[in-house]
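Report on the following structure.
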Amino acid sequence: MPAVQFQNIENTRLPAKPLHLAIGMFDGMHLGHRAVIDMAIQSARRSGGLAGVLTFAPHPTVLLRPDNPTRLICNPGTKARLLVETGVDFVITQQFTPELAQVEAEDFIPLLLKHLPRLNTIYVGENWRFGRGRRGDMAMLVAGAKKHRLTVVGVSHVSENGKPISSTRIRACLEDGEIEEANIMLGYSYFAEGTVMPGKALGRDLGYPTLNIPWEPGLRPRLGVYAVEVSGEKAPGKYRAVANYGLRPTVENSTQPRIEAHLLGPCPFTGGDQIRVDWLRFIRPEMKFASVDELTAQIAKDRAKAEAFFDLA
């Protein structure tokens, strides 16, 4: 059965079974996050309990640092879907409110037990912090859990290229166009989703028709041209493409970025279709050309590089 989703811990209603709860922001749902959640799932399956996730929205920095909040890899809806796909039994998305921000670290476990009386084990990353001012650390969590006969499992970092995987590292890779490195740490291809919208048909006039998808994530990846794969419910499989994510400075110079994906073969998608774009390789940054002819010549080179990436040349 798919995971049951709850908004806020006080609204959570679960069967009377031992609860194995993974806690964290889990932005991006990278391999380190999955290690924490997988531990909860495995333990719950062995003991006949329930495995779940407690996460938060918005990011605490929206409230605590409103002038410079953390820009998120994926929006709450996408994160919730990725969490459900892990195989947990339930997902709780807790609103991070001013009241929650004032909860002292010592009061955190009693708050959990008030609404989750069957709580058995808590799973977190080894450096997870909690409570007002982020004062709570692993030692405090273990000490508090012991008082209530709970178990805490601190899961070690998963490393890639000799360094711990983190959402911060992945954000930096996305902003620098290091999409392949980001995908390794995520454990899946970074992706965008949206509705195909009518464009000005300039790409078609130039000989390179595109699917136009308005898309403004919390964290903008580097503007530029990428080798991508496009998919959607309308047609099975993934379709190889070259895509520009940017402001189109040569022909429009918009303030709102969008994805323009040119499929390397026949295109089954049209306006109004919901599609997903998986980003696979950064080809070049977006740039302004002196003329449309220069832009057209560059698009041909971009397509050739995408074909080479997919070994289609």
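Please treat every number below as a calculation from the coordinates, not as lab data. Please read all numbers here as calculations on a predicted model, not as lab measurements. Here the Cβ positions follow ideal geometry from the backbone for every residue, glycine too, while neighbour counts run over all protein chains shown.
Among the listed pairs K238/K301; K234/K305; K79/K114; K79/K238; K79/K234; K79/K301, those with a Cα-Cα distance over 32 Å are K79/K301.
Between the C-alpha center of the stretch 224-268 and that of the stretch 1-77 there is a gap of 32 Å. Round to the nearest 0.05 the FRET efficiency obtained for A143 and A235 when R0 = 45 Å and r is the Cβ-Cβ distance. Calculated transfer efficiency: 0.25. In terms of its C-alpha gyration tensor, the stretch 1-63 comes out oblate, because a/c is 1.5 or above while a/b does not outweigh b/c.
Please check: in the Gaussian network model of the chain (C-alpha springs, under 10 Å), which one of T93, T168, T255 has the largest mean-square fluctuation. Judging by the Gaussian network model, the answer is T255.
Charge dipole of the stretch 1-89 (Cα centre as origin; +1 on each Lys and Arg Cβ, -1 on each Asp and Glu Cβ, all else neutral): 140 debye, rounded to the nearest 20.
What does the charge dipole of the chain about its Cα centre add up to, to the nearest 20 debye, if the Cβ of each Lys and Arg holds +1 and the Cβ of each Asp and Glu holds -1? Intermediate values should be presented prior to the final figure.
Numbers: 37 positive and 33 negative charges, 174 e Å.
I would put it at about 840 debye.
For the stretch 189-309, the equivalent ellipsoid derived from the Cα gyration tensor has semi-axes of 20, 16, 15 Å, listed largest first.
Taking C173, C74, C267 as the candidate residues, the one with maximal mean-square fluctuation in a Gaussian network model of the chain, Cα springs under 10 Å, is C267.
When all alpha-carbon pairs of the chain are counted, what percent fall beyond 34 Å?
Working: 15980 of 48828 pairs.
When every Cα pair of the chain is considered, 33 percent fall beyond 34 Å.
Comparing L119, L64, L211 in a Gaussian network model of the chain where C-alpha atoms under 10 Å apart are linked, the largest mean-square fluctuation is found at L64. Which one of T255, F269, A139 has its Cα pushed farthest toward the positive end of the charge dipole of the chain, where Lys and Arg give +1 and Asp and Glu give -1 at the Cβ? Sorting the options by dipole projection puts first A139. Starting from the amide H of Y123, placed 1.01 Å from N in the peptide plane, find each other amide H under 5 Å away whose residue is 5 or more places distant or on another chain. For Y123, the qualifying residues are L21, A22, I23, V153.
For C267 and T168, the FRET efficiency from 1/(1 + (r/R0)^6), where r spans their Cβ atoms and R0 equals 45 Å, is about 0.75. Quick one: go through the stretch 25-67 and flag any residue whose amide nitrogen is under 20 Å from the point 7 Å out along the Cα-to-Cβ line of V4. Backbone N within reach: 40-56.
Placing dummy labels 7 Å off each Cα toward the beta-carbon, the span from L247 to E106 is 5.2 nm. The modelled label-to-label distance for the pair D293/N161, using points 7 Å beyond Cα in the direction of Cβ, is 4.1 nm. In the chain, the DSSP beta bridges split such that about 60 percent are antiparallel, to the nearest 5.
Extension gain for the segment Q95 to F191, taken as residue separation times 0.36 nm less the Cα-Cα distance, is 32.0 nm to one decimal.
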